[in-house]
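The values are calculated or read from the model by the stated rules, or taken from the named source; none is laboratory data. Bear in mind that the values here come from a model prediction, so they are computed numbers and not experimental data. Backbone-built Cβ (ideal geometry, glycine too); neighbour counts: all protein chains shown. Only protein heavy atoms, including side chains, enter the accessible area calculation; ligands, DNA and RNA are left aside. Shrake-Rupley method; radii C 1.70, N 1.55, O 1.52, S 1.80 Å.
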Amino acid sequence: MAFELNSVVPWGRSMAEYREMFLLDETDLQKKIAGFGDGPASFNAEAAAAGFSVTSFDPIYQFSEEQLEKRIEEVRDTVMQQMAENKDNYVWDRIRTLDELEAVRMAAMRHFLADYAQGKAERRYIYHELPNRMPYPDGAFDIGLSSHFLLLYTALGYDFHIAAITEMLRVCKEVRIFPLCDLDSKDSALTADVIAHYQKEYAVTVKKTGYEFQKGADRLLVIRRKNEME
Ligand SMILES: C[S@@+](CC[C@H](N)C(=O)[O-])C[C@H]1O[C@@H](n2cnc3c(N)ncnc32)[C@H](O)[C@@H]1O
């Protein structure tokens with residue numbers, strides 16, 4: 001089935017948020033990083049400006065800057081309306097108000113849009129839809145990230161998740177997934193089964209992070225090839 005832009009709600013986070021969600025330290029940032037479902041996050045733009053190697057993959061990168069900008073503006077009010085209705089599901093300590101949230105998210109997405117043409121030319125934004133096979137050899141990347149995509153959209157189902165994570169683990173030595181909750185901010189029903197599937201052959205750990213915006217969603221899943229050193 002074709003990936004329709006009007007089925008996507010583009011909403012992007014910043015590099016500071018990625019660093020906290022994924023416990024990315026200075027050593028990690030020196031590695032080759034792949035971001036899956038990065039969408040309009042500004043992580044790639046900010047990381048590239050700081051000299052780091054980040055390649056982002058997302059089906060929305062088949063669309064033009066103008067199309068993405070238009071779609072971001074189209075969904076902005078609806079997303080903010082939903083946030084207002086579900087305000088109690090979130091922790092308002094760092095981001096204190098709905099207005100501040102809108103400003104922070106829009107700033108991240110504008111940063112992404114401003115970098116999009118250059119990033120595409122530099123092959124930092126690559127059109128790819130999981131779980132399709134990626135045009136990269138095994139172990140091409142050190143760390144693969146999924147922010148607010150895998151485990152969150154439980155409706156995609158167990159088989160989709162296993163196929164997607166398995167392909168990520170083929171091209172990445174390690175995969176980090178955040179958060180471990182679903183769209184209702186409840187523990188994702190998929191997490192336990194995903195852990196059970198990989199823990200025989202991989203080193204699988206759940207780590208607590210300092211990042212919590214959806215209430216209770218402060219944990220990170222790390223799946224690493226067993227022969228990769230800590
Ligand atoms: C909620 S957004 C998260 C954006 C970004 N990771 C962040 O945290 O700011 C989910 C992203 O997953 C992407 N996505 C949807 N289906 C996908 C698929 N099959 N493979 C890869 N990414 C997908 C969407 O296009 C969207 O950009």
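Within the stretch 193-203, is there a residue that is within 16 Å of the chain's Cα centre (by Cα), at pLDDT 95 or above and at negative phi? Let's see the steps before the verdict.
First, the residues of the stretch 193-203 that are within 16 Å of the chain's Cα centre (by Cα): none.
No, because not a single residue in the stretch 193-203 is within 16 Å of the chain's Cα centre (by Cα), at pLDDT 95 or above and at negative phi.
One line per residue, one yes/no per condition, for (1) assigned to a loop (DSSP other than H, G, I, E, B); (2) buried (at least 20 other Cβ atoms within 10 Å of the Cβ):
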| residue | (1), (2) |
| --- | --- |
| Phe3 | yes, no |
| Pro10 | yes, yes |
| Tyr18 | no, yes |
| Gly51 | yes, no |
| Thr55 | no, yes |
| Glu73 | no, no |
| Met80 | no, no |
| Arg94 | yes, no |
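Go through (1) open to solvent by 20 Å² or more (accessible area, probe 1.4 Å); (2) out of contact with any Leu (no Cβ under 8 Å at 6 or more places or on another chain); (3) part of a helix (DSSP H, G or I) for Leu169 and report which single condition fails.
Only one criterion in (1) open to solvent by 20 Å² or more (accessible area, probe 1.4 Å); (2) out of contact with any Leu (no Cβ under 8 Å at 6 or more places or on another chain); (3) part of a helix (DSSP H, G or I) is unmet by Leu169, namely (1).
Only residues that are outside any strand (DSSP E or B) and open to solvent by 20 Å² or more (accessible area, probe 1.4 Å): list them for the stretch 192-210, please.
Narrowing the stretch 192-210 to residues outside any strand (DSSP E or B): 192-201, 209-210.
If the condition is that a residue be outside any strand (DSSP E or B) and open to solvent by 20 Å² or more (accessible area, probe 1.4 Å), then Ala192, Asp193, Ile195, Ala196, His197, Gln199, Lys200, Glu201, Gly210 are the ones that fit.
Considering the stretch 27-62 alone, what residues qualify as being among the aliphatic types (A, V, I, L, M) and under 12 Å from Ser146 (Cα atoms)?
Selection gives Ile33, Ala34, Ala41.
Yes/no matrix, rows are residues, columns are (1) over 26 Å from Arg170 (Cα atoms); (2) aromatic (Phe, Trp, Tyr); (3) in contact with a strand residue (DSSP E or B) (Cβ under 7 Å, 6 or more places away or on another chain); (4) within 9 Å of the ligand (Cβ to nearest atom):
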residue	(1), (2), (3), (4)
Trp11	yes, yes, no, yes
Ala16	yes, no, no, no
Arg19	no, no, no, no
Gln30	no, no, no, no
Ala49	yes, no, no, no
Thr55	no, no, yes, no
Pro59	no, no, yes, yes
Met80	yes, no, no, no
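Quick check, is Ala155 of a type outside the set (Asp, Glu), out of contact with any Ser or Thr (no Cβ under 9 Å at 6 or more places or on another chain) and away from the ligand (no atom under 11 Å from the Cβ)?
Details: of a type outside the set (Asp, Glu): yes; out of contact with any Ser or Thr (no Cβ under 9 Å at 6 or more places or on another chain): yes; away from the ligand (no atom under 11 Å from the Cβ): yes.
Considered against the rule, which asks whether it is of a type outside the set (Asp, Glu), out of contact with any Ser or Thr (no Cβ under 9 Å at 6 or more places or on another chain) and away from the ligand (no atom under 11 Å from the Cβ), Ala155 comes out as yes.
Could you run through the stretch 105-149 and say how many residues are open to solvent by less than 10 Å² (accessible area, probe 1.4 Å), touching a strand residue (DSSP E or B) at 6+ places or on another chain (Cβ under 7 Å) and of a type in the set (Gly, Ala, Ser)?
So the count comes out to 4.
Residues of the stretch 121-152 being within 12 Å of the ligand (Cβ to nearest atom), over 17 Å from Asn44 (Cβ atoms) and more than 15 Å from the chain's Cα centre (by Cα), which ones?
Hit for the stretch 121-152 is Asn132, nothing else.
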